[in-house]
Structures are given as C-alpha cells and as structure tokens.
Amino acid sequence: MTEDDLRQADLSQLNLRDMTPAQRAELKRRYQKFIANFEPETETKLAAGPARKPKKWVPGKKLAK
C-alpha cells in the first residue's frame with residue numbers, strides 16, 4: 001500500500017492488534033492532527049479567567065430587561 005493509499009484508507013474497522021506498523025503510524029498521525037486542531041482554543045479558554053456562575057432558572061419567571 002502506498003502512502004497516498006494509506007492516507008485515504010478507512011482504518012475504523014480494523015483492530016489495533018491487526019494493523020500493520022504503517023497503518024498504526026498513519027492512525028497516530030491522524031490523531032495528532034486531530035488534537036492539534038483543539039490546542040489554540042483550549043489555551044484561549046484557560047487564559048480567559050474563571051467561568052461565571054450560571055443563574056438559577058425559574059420556570060415562568062420573566063427576565064428583567
């Protein structure tokens with residue numbers, strides 16, 4: 001299997017024990033790319049400060065505007 005074929009292959013149905021070393025490496029690459037998409041957002045959320053406490057919701061009560 002060539003590198004391009006491996007990048008397009010569906011690895012979701014394979015068990016990790018049944019994968020070849022090349023397939024495992026591709027799965028690891030995909031996972032690292034997936035995780036990299038969330039890193040900047042996580043750092044921004046942590047730097048934003050403490051979260052606000054949610055207000056209690058009372059059914060039927062109208063909010064003051």
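The values are calculated or read from the model by the stated rules, or taken from the named source; none is laboratory data. What you see is a predicted model; the values in this text were computed from it and never measured. With ideal geometry, Cβ positions are generated from the backbone for all residues, glycine too; neighbour counts draw on all protein chains shown.
When segment 7-18 is limited to residues that are exposed (fewer than 12 other Cβ atoms within 10 Å of the Cβ) and in contact with a Lys or Arg (Cβ under 9 Å, 6 or more places away or on another chain), the one that is modelled with the lowest pLDDT turns out to be 7. Looking only at segment 19-65, residues that are part of a helix (DSSP H, G or I) and modelled with pLDDT of 80 or more come to 16 in all.
Within segment 17-31, can you find the residues that are closer than 12 Å to residue 7 by Cα and basic (Lys, Arg)? Result: 24, 28, 29, 30. Close Cβ contacts (under 9 Å, 6 or more residues apart or on different chains) running from residues in segment 1-23 that are under 16 Å from residue 33 (Cβ atoms) to residues that are surrounded by 10 or more Cβ atoms within 10 Å (Cβ to Cβ) and among the small types (Gly, Ala, Ser) comprise 3/22; 6/22; 6/25; 23/9.
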